[in-house]
Amino acid sequence: MSRCKGCGAEIEWIKTPAGKNMPIDPEPVFVLAAEDGTEVFLTDEGEVFRGKAVESGEGAEVGFVPHWATCRAPAQFRR
Ligand SMILES: [Zn+2]
């Protein structure tokens with residue numbers, strides 16, 4: 001477990017199939033996958049998919065929120 005340098009939140013790192021490390025929020029969420037979804041999530045394999053976060057697990061899959069989506073200091077992720 002490491003901490004975000006921008007906001008101090010606990011984050012984890014996940015390796016994408018492309019070999020890039022992506023910061024994620026440690027708590028998984030339920031996601032209804034949708035190609036036109038406005039939010040972006042990562043599988044535990046580091047693959048990016050679009051969808052919508054939902055409360056219940058019915059028909060949903062588990063995903064992780066990229067930390068740059070929830071960071072209170074997101075400017076650090078812009079290059
Ligand atoms: Zn942060």
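Bear in mind that the values in this text are calculations on the coordinates, not laboratory data. All of these numbers come straight from a predicted model, not from anything done at the bench. For neighbour counting, all protein chains shown are included, and Cβ atoms are generated from backbone atoms with ideal geometry for every residue, glycine included.
A few comments on the model shown:
- Cut-off 14 Å between beta-carbons: net charge of the residues surrounding Thr16, Lys and Arg +1, Asp and Glu -1: -2
- Residue with peak Gaussian network fluctuation, the chain [Cα springs, cutoff 10 Å], from Glu45, Glu12, Glu61: Glu45
- For the chain, with +1 on Lys and Arg beta carbons and -1 on Asp and Glu, the positive-most of Val62, Gln76, Pro17 along the dipole: Gln76
- Around Ala33: net Lys/Arg minus Asp/Glu count, Cβ-Cβ under 10 Å: 0
- Net dipole in debye of the stretch 1-65 [+1 Lys, Arg Cβ; -1 Asp, Glu Cβ; about Cα centre; nearest 20]: 420 debye
- Computed Rg/Rh of the chain, alpha carbon atoms with Kirkwood Rh: 0.97
- The stretch 46-70 and the stretch 11-32 have Cα centres lying 10 Å from one another.
- Within the chain, helix-based [θ] at 222 nm, where runs of 4 or more DSSP H residues each add -39,500 (n - 2.57), nearest 500: -500 deg cm²/dmol
- Nearby aspartates and glutamates by direct alpha-carbon distance to Lys5 (threshold 17 angstrom, same-chain neighbours under 8 apart not counted): Asp25
- Highest-MSF residue in the chain out of Gly19, Gly63, Gly46 [GNM, Cα springs under 10 Å]: Gly19
- Trypsin sites (Lys or Arg not before Pro) within the stretch 15-57, DSSP loop, no more than 13 other Cβ atoms inside 10 Å: Lys20
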